[in-house]
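Trainee: A single structure is presented below for examination.
The values are calculated or read from the model by the stated rules, or taken from the named source; none is laboratory data. This one's a predicted model, so the numbers in the text were calculated from it and none came from an experiment. Every residue, glycine among them, receives a Cβ derived from its backbone with ideal geometry; neighbour counts consider all protein chains shown.
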Amino acid sequence: MTVFAVDIIPGIPDLPALAALGAAAAGAAYAWWRGRRAPPARAGEESPRPAPVAVPTPAPPAADWFDRLRSGLSRTRDQLFERVDDLFRGGRRIDEDLLQRLEEVLVTADVGIRTAERLLSAIRDRASREELSDAAALRRYLGEEASALLAGRDQPLVSPPPAGPLVIMVVGVNGTGKTTTIGKLASRYSREGKKVMLAAGDTFRAAAIEQLEIWAERAGAEIVRQQEGSDPSAVIFDAVKAASARGFDVLIADTAGRLHTKAPLMDELRKVKRVTDRALPGAPHEVLLVLDASTGQNAVTQARLFDEAVGVTGIVLTKLDGTAKGGVVLQIADQLGLPIKLIGIGEKVEDLRDFRSADFVRALFGDGEEPARPSPPMGGQRPAAS
Ligand SMILES: Nc1nc2c(ncn2[C@@H]2O[C@H](COP(=O)(O)OP(=O)(O)OP(=O)(O)O)[C@@H](O)[C@H]2O)c(=O)[nH]1
Ligand SMILES: [Mg+2]
């Protein structure tokens, strides 16, 4: 068997903070829904590599987890409901013109045309029975429909297997938040008392390895890495072997961001998965696809192609806090047969949450009241997925 050179770093010295990038989302257009949205990446187009990314200092846990979720979703909520309220201004009742405008509102929040049409047809039904006469009723009804759409789509991460580490492979296009999500997850598992190892499978650039090292140090996790430019399959193979031999509970493997339309890069990911299974039969136990919520319809296309290539077991939807397009959650639930497992609502360590549809719907459509049974900010008291 080939033996790969590998550094296992139990802790690294303080690294200088990387330069902050500034708000990347500035100026992001709320482009009109009729075909004017520019997809974030096109077939055959090289995706530019983002510059090294600053790792934010973790803040103390949010005092109120539900307020945090609600404020994370505020841009989407404002986008949806200020405009729904506008529709009813002047005591207007529901008619076909109002419904068409409502469809535009939904599509602008990236609910997607097909999903918006489905919601609209249910609303038409109700309106014809005169059950909907004002914005509050419509808001309530949209919430009920959203709950129905999301039912069963929220699943927790699988539990570590009885023997050997839980192996999680993290994939996605460039800059969606893979490494940040891995850092947050590593902290979460560490806090739960688990022994965590990270595999620096993004060997494409040195800064990616350094970024993961900072997160590993912060989480008290070990990291397995090789030189920039080495074969990611080799790094992850070694990491799986090391984690198994040394009794780690969880191994999370980073991978380089890649365009879902680039066949050779998707082949490389297939190879990483094959090799992982060779190192530990049955691994990876989770293949998490990280999607940036602000990419809208393109997120659905990414999910289809990544799933085809490597069999995605769950979606992580990041940057819900930075977008008014959080309606994409409904589109993903409606159009893909994949569970949404985690959501990112900020850059801090506590800003990764298990996706729980009831909390999400209440935070987005509710009146701000906290649910009766609060959930912890992250982590599962819940049973593992079967
Ligand atoms: N506001 C916000 N920012 C996030 C969230 N998740 C990640 N980010 C930011 O998104 C940027 C990119 O994150 P990375 O984790 O480096 O993304 P990546 O997918 O690993 O990127 P590549 O390795 O280059 O493909 C960073 O500035 C993160 O802080 C989130 O939930 N909310
Ligand atoms: Mg990365």
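Trainee: Residue under question is LEU269, and the condition is that it be touching a helix residue (DSSP H, G or I) at 6+ places or on another chain (Cβ under 7 Å) and within 16 Å of ligand 2 (Cβ to nearest atom); does it hold?
Mentor: Spelling it out, LEU269 is indeed touching a helix residue (DSSP H, G or I) at 6+ places or on another chain (Cβ under 7 Å) and within 16 Å of ligand 2 (Cβ to nearest atom).
Trainee: Now a separate question. Those residues that are among the charged types (D, E, K, R) and within 28 Å of the chain's Cα centre (by Cα), I need them from segment 234-252; list them, please.
Mentor: Within segment 234-252, ASP238, LYS241, ASP249 qualify.
Trainee: Given the conditions (1) within 16 Å of ligand 1 (Cβ to nearest atom); (2) surrounded by fewer than 24 Cβ atoms within 10 Å (Cβ to Cβ), which single one is not true for THR323?
Mentor: (2)
Trainee: Criterion first (without any contact (Cβ under 8 Å) to a residue 60 or more places away in the chain, crowded, with 24+ Cβ neighbours inside 10 Å and among the β-branched types (Val, Ile, Thr)) does VAL171 satisfy it? Don't jump to the end; show me each part of the working.
Mentor: Details: without any contact (Cβ under 8 Å) to a residue 60 or more places away in the chain: no; crowded, with 24+ Cβ neighbours inside 10 Å: yes; among the β-branched types (Val, Ile, Thr): yes.
No: the conditions fail for VAL171.
Trainee: Of (1) within 13 Å of ligand 1 (Cβ to nearest atom); (2) modelled with pLDDT under 95; (3) surrounded by fewer than 24 Cβ atoms within 10 Å (Cβ to Cβ); (4) of a type outside the set (D, E, K, R), PRO264 satisfies all except one. Which?
Mentor: Unmet for PRO264, out of (1) within 13 Å of ligand 1 (Cβ to nearest atom); (2) modelled with pLDDT under 95; (3) surrounded by fewer than 24 Cβ atoms within 10 Å (Cβ to Cβ); (4) of a type outside the set (D, E, K, R): (1).
Trainee: Let me ask you something else. Given the structure, is LEU73 surrounded by 13 or more Cβ atoms within 10 Å (Cβ to Cβ), at pLDDT 80 or above and under 29 Å from ARG353 (Cα atoms)?
Mentor: Judged against the criteria, LEU73 is a match.
Trainee: Sticking with this one: Any residue at all in segment 308-321 that is assigned to a loop (DSSP other than H, G, I, E, B), of a type in the set (Lys, Arg) and in contact with an Asp or Glu (Cβ under 6 Å, 6 or more places away or on another chain)?
Mentor: In the first step, residues of segment 308-321 are kept if they are assigned to a loop (DSSP other than H, G, I, E, B); the result is 311-313, 319.
Now restrict to residues that are of a type in the set (Lys, Arg): 319.
Cutting the leftovers down to in contact with an Asp or Glu (Cβ under 6 Å, 6 or more places away or on another chain) gives us 319.
Yes, segment 308-321 contains at least one residue that is assigned to a loop (DSSP other than H, G, I, E, B), of a type in the set (Lys, Arg) and in contact with an Asp or Glu (Cβ under 6 Å, 6 or more places away or on another chain).
Yes/no matrix, rows are residues, columns are (1) outside any helix (DSSP H, G or I); (2) of a type in the set (Gly, Ala, Ser); (3) buried (at least 19 other Cβ atoms within 10 Å of the Cβ):
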residue	(1), (2), (3)
LYS194	yes, no, no
LEU212	no, no, yes
ALA216	no, yes, yes
GLY229	yes, yes, no
VAL240	no, no, yes
ARG258	yes, no, yes
ARG274	no, no, no
PRO284	yes, no, yes
ASN298	no, no, yes
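Trainee: Of the residues ILE182, ILE214, ILE223, only one is among the hydrophobic types (A, V, I, L, M, F, W, C), modelled with pLDDT of 95 or more and away from ligand 2 (no atom under 13 Å from the Cβ); which?
Mentor: ILE223
Trainee: Look at VAL107 and say whether it is surrounded by 14 or more Cβ atoms within 10 Å (Cβ to Cβ), in a loop (DSSP other than H, G, I, E, B) and in contact (Cβ under 8 Å) with a residue 60 or more places away in the chain.
Mentor: Taking the combined requirement at face value, the residue does not satisfy it.
Trainee: Something else: Which residues, taken from segment 174-208, are free of Cβ contacts under 8 Å to residues at least 60 places away in the same chain and closer than 20 Å to ALA279 by Cβ?
Mentor: LYS194, LYS195, VAL196, MET197, LEU198, ALA199, ALA200, ASP202, THR203
Trainee: Could you check GLN226 against (1) in contact (Cβ under 8 Å) with a residue 60 or more places away in the chain; (2) over 20 Å from ALA293 (Cβ atoms); (3) within 21 Å of the chain's Cα centre (by Cα); (4) more than 10 Å from ligand 1 (Cβ to nearest atom) and say which number it fails?
Mentor: So GLN226 meets the others, but not (3).
Trainee: Just one of ILE94, ILE168 is part of a strand (DSSP E or B) and either within 21 Å of LEU364 (Cα to Cα) or out of contact with any Gly (no Cβ under 6 Å at 6 or more places or on another chain) (or both); which is it?
Mentor: On the way: ILE94 fails: part of a strand (DSSP E or B).
Within the list ILE94, ILE168, the selection yields ILE168.
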